[in-house]
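To start, the structure itself, in structure tokens.
The values are calculated or read from the model by the stated rules, or taken from the named source; none is laboratory data. Predicted, not measured: the structure shown is a model, and the values here were computed from it. Note that each Cβ is placed from the backbone with ideal geometry, even for glycine, and that neighbours are counted across all protein chains shown. Side chains are part of the model used for accessible areas, which takes the heavy atoms of the whole protein and leaves out ligands, DNA and RNA. Shrake-Rupley method; radii C 1.70, N 1.55, O 1.52, S 1.80 Å.
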Amino acid sequence: MDHALKPTPDATWVLEAVGYDPLREGSLESRFAISNGFLGIRGARAITRGARWVVPPHTYVAGLFDTLGANPAIPELVPAADWLKVRISLSGEPLVHHPGDASSHRMTLDLRRGALLAESGLLKTPSVGIRLRTLRLVSMNERAVGLQLIQLKVEDGEVEVNLEASFEGINLGLVPERLDPDLGVWRTQRSGKSVAIATASSLQVDGHDLSAIAVDQLKWTWSWKSRAGQVVNFERAVAVTRSDTQDLDPGREARDRLDVARRLGWRRVLAEHETAWASRWHCSDVEVDGDDAAQKALRFAIYHLNSAANPADEHVSIGARGLTGDDYHGHVFWDTEIYLLPFYTLTWPEAARALLMYRFRTLDAARAKSARMGWRGALYAWESADSGAETTPEQVIGADRQVIDILSGREEQHISADVAYAVWQYWQATRDETFLRDAGAEILLETGRFWASRALLEADGYRHIRDVIGPDEYHEHIDDNAFTNVMARWNIQRAIDVAALLRERWPECWKGLSSRLGLGDAELNQWRSAADRIATGLDPKTGLFEQFAGYFALEEIDLADYAGRSVPMDVVLGRERTQGSQVIKQADVVALLGLLPEEFVGDTGTANFQYYARRCGHGSSLSRAMHGFVAARLGYSEMALRYFRQTAAIDLADTHVAIDGGIHIAALGGVWLTTVFGFAGLSLRNDGVAIDPQLPADWSGLGFGFQWRGRGLTIRIDQPKQCLEATLEKGEPMTIVVSGTSHELRRDQLLQVSTVRPDGSKARQPSIRSPTADLKANSRFREHGLATSHDV
């Protein structure tokens, strides 16, 4: 067990926390969380927490939603019982009364191995000294399985030792239906779901098995006498299953999965888990030379991104905090499609497909919402849980303790175009024909149909989309939001494209789908007309998009006058003045620039970025990520690096806002986006991929891998030598464009080319080059003034 309890020695692969700080414990639990897309375990202390914790640490099970009595009922992700609790006593007295009792305590998140380790130095009592080391994981290979290892070394002294391994929180939130020594089964109160946890434990003293002296409901107790030099090893395995219907018994499946894990043994379970993580890192790691802080930030981001997805379950998506905390109740926002799908599409297409299939399985709920509001097609929920029904709360308490109406569930409608955008980008990157025919095309058509009905023709000859909220949630009830309208037009155009594609390549599929949807040529022609006439707010004289009708006439406020503030601008200015000002919560037109750069001709991308960036108060955790991505693509690498560091600091810096409610998974996706699509300048083309790198000055090199249409590529950029190496690890030959020059990439040769452009320049000029890649901004607000979804 000694080897298993040693973390990876390379400092760029580990995060450490030393000692005990009550102000940081909640944030550390989020930061050090472990997950596999099905199970999530917060990084709470299992042994050395003493009696301080009133609420037990949380185990999250993806898709385990219930409504807990709110009016109106809002589905929430319900935590399951904590299966990691261990209590050690010496001569009847607890080894730890308080978390600060340990003479030393170090917690290590091993990013490479996907495991959380802890070591408590000499825990002294008057009669004995003990050193503890622990490991916990949830298997990336078999997602139902969790593993806990504890090694206890007696430094000196002889005393009676008791070790009690139990579950905590077995009566909180869920209703127990069965509690045996080796199995617990619970059901939700209202949603008809159930969860089962089967468990098995063993303890060895100096290599010899010791039988438990007491066994109760999910509790086992061992007792022995210590001696100097004694080594005690404890192992516990669990298997967790979820049932979404009342007629299935999750207990039997949990026991079956546990039996498999027990036959393998903990060493094999650990080895297969580490192999699965090694595979994920091979596909998704990003290497930075010359900036250790950036390297660690990227590894931390990629660790949580890989931890959040489960390609085997098409009935769940990734909530705003993943499976690391309670904020936003596990609800899914547009973050998934805009900030996360790019990562999964290019490094883990199977996970991307499952996330998009969640949107397909909730398409009926989107249709119902649209019909309820008087429109056609599909309008997706702004906040979504398991069913796809709208779960946005109608009111919250603001920072000034006043009740605030939350309008995003009704007005923040760009979500449908965001989903369509992710579907199209996945299709462009993978050419997954089965997905397009069976699911993707229908999403595109039904969201296109929604926008064609939503954009109403008025007397001026234009179609207008009124009474909405754009990504900038500081401004409500607005008309013709540029992001919403241009994305709506793009959505309709892609719906028309997919209809033509199906008709041409799979006529029988088109015949069946168009018949089922009642979609004919007359309606498609109406869509073309609608797309051509949607108002966009573009001023042809200046090249600026007006964020929404009347925005340019609002009060200008110099945000430099408020530098150093510790609260969002809507709290500083107040709700009414904020709504009457040009202060933006987060990227709006800038988000449009990131997603659809082809809409910005010539230098208008730069003009729009410069105009709106200085008006943005960054009241969302996602805002700086979008600005960093766009700044990098415009060629402002040092500015982009500042945004990159600020985004990474949200979850990594203890000086930032507490993250007790979970890590900001979409902001972490933005860290990867800024690096790969921004600094490396990756873009996807119809005939291949393009890379136009401009690294920050301190980065001497950058390496990463990605997948494109069944091919696997690795890229290595050497900044001092101004060269790039590309390797095609699998797949057919393809075209790669480096700094404007096309090259053929084959499996049998390493491509080494210059990154200097044909005109002799090294750097991109400050104008955006069209990336057909996914990206997007996000917004929300709930805890600070004007809020809808999730802020900092």
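What to note about this one:
- In the context of the full protein assembly, Ser243 retains an accessible surface of approximately 10 Å², using a probe radius of 1.4 Å and ignoring ligands and nucleic acids.
- One quarter of the surface of the convex hull around the alpha-carbon atoms of region 577-683 equals 7.4 nm², the direction-averaged projected area.
- Ranked order, Met1, Met140, Met639 - accessible area, probe 1.4 Å, largest first: Met639, Met1, Met140
- Counting only alpha carbon atoms, the long axis of helix 250-284 and the longest principal axis of the chain meet at about 60°.
- Working from label points 7 Å from Cα in the Cα-to-Cβ sense, the Ala293 to Thr245 distance is 5.4 nm.
- The stretch between Leu517 and Asp405, if pulled fully straight at 0.36 nm per residue, gains 36.8 nm over its current Cα-Cα span.
- Shape of region 369-470, Cα gyration tensor, a/c cut at 1.5: oblate
- Of the solvent-accessible surface of the chain, computed with a 1.4 Å probe over protein heavy atoms with every protein chain present, carbon and sulfur atoms account for 47 percent.
- Gain on full extension, evaluated as 0.36 nm per residue between Arg709 and Glu458 minus their Cα-Cα distance, stands at 86.1 nm.
- Solvent-accessible area of Glu253 with every protein chain in place, 1.4 Å probe, in Å² to the nearest 10: 70
- Gyration tensor (alpha-carbon) shape descriptor, region 488-641, a/c threshold 1.5: prolate
- Label-point separation, His315 to Ala389 (7 Å along Cα→Cβ), nm: 1.6
- Over 24 Å (Cα to Cα) - which of Lys85/Lys153; Lys541/Lys585; Lys6/Lys730; Lys6/Lys153 fall in this group: Lys541/Lys585; Lys6/Lys730
- Between 0 and 90 degrees, the angle of helix 441-454 with respect to the longest Cα principal axis of the chain falls at about 60 degrees.
- Cβ-derived FRET efficiency at R0 35 Å, Ser211 paired with Val567, nearest 0.05: 0.05
- Computed from the Cβ-Cβ distance with R0 of 22 Å, the FRET efficiency linking Asp497 to Thr434 stands at 0.75.
- Modelled this way, with points 7 Å down the Cα-to-C-beta line, the labels at Glu732 and Ala653 are 4.8 nm from one another.
- Direction-averaged projected area, Cα convex hull, region 456-552: 7.9 nm², rounded to one decimal.
- The chain: proportion of alpha-carbon pairs further apart than 33 angstrom, %: 53
- Angle of helix 482-505 to the longest C-alpha principal axis of the chain, folded into 0 to 90 degrees and rounded to 10: 90°.
- Distance between the C-alpha centres of region 209-225 and region 265-290: 34 Å, rounded to the whole angstrom.
- You can think of it this way: the chain between Gln204 and Asp603 has 136.7 nm of extra reach, that is 0.36 nm per residue less the Cα-Cα gap.
- Three-way shape label, region 512-556, alpha-carbon gyration tensor, a/c 1.5: prolate
- The Cβ shell under 13 Å around Ile663 holds other residues with a net charge of -3, Lys and Arg each +1, Asp and Glu each -1.
- DSSP-loop trypsin sites (Lys or Arg not before Pro) across region 595-697, with at most 14 other Cβ within 10 angstrom: Arg614
- Ordered from highest to lowest accessible area with the whole protein assembly present and a 1.4 Å probe, Lys225, Lys721 read as Lys721, Lys225.
- Label zone at Trp506 (point 7 Å along Cα-to-Cβ), backbone N below 19 Å, region 338-377: 349-364
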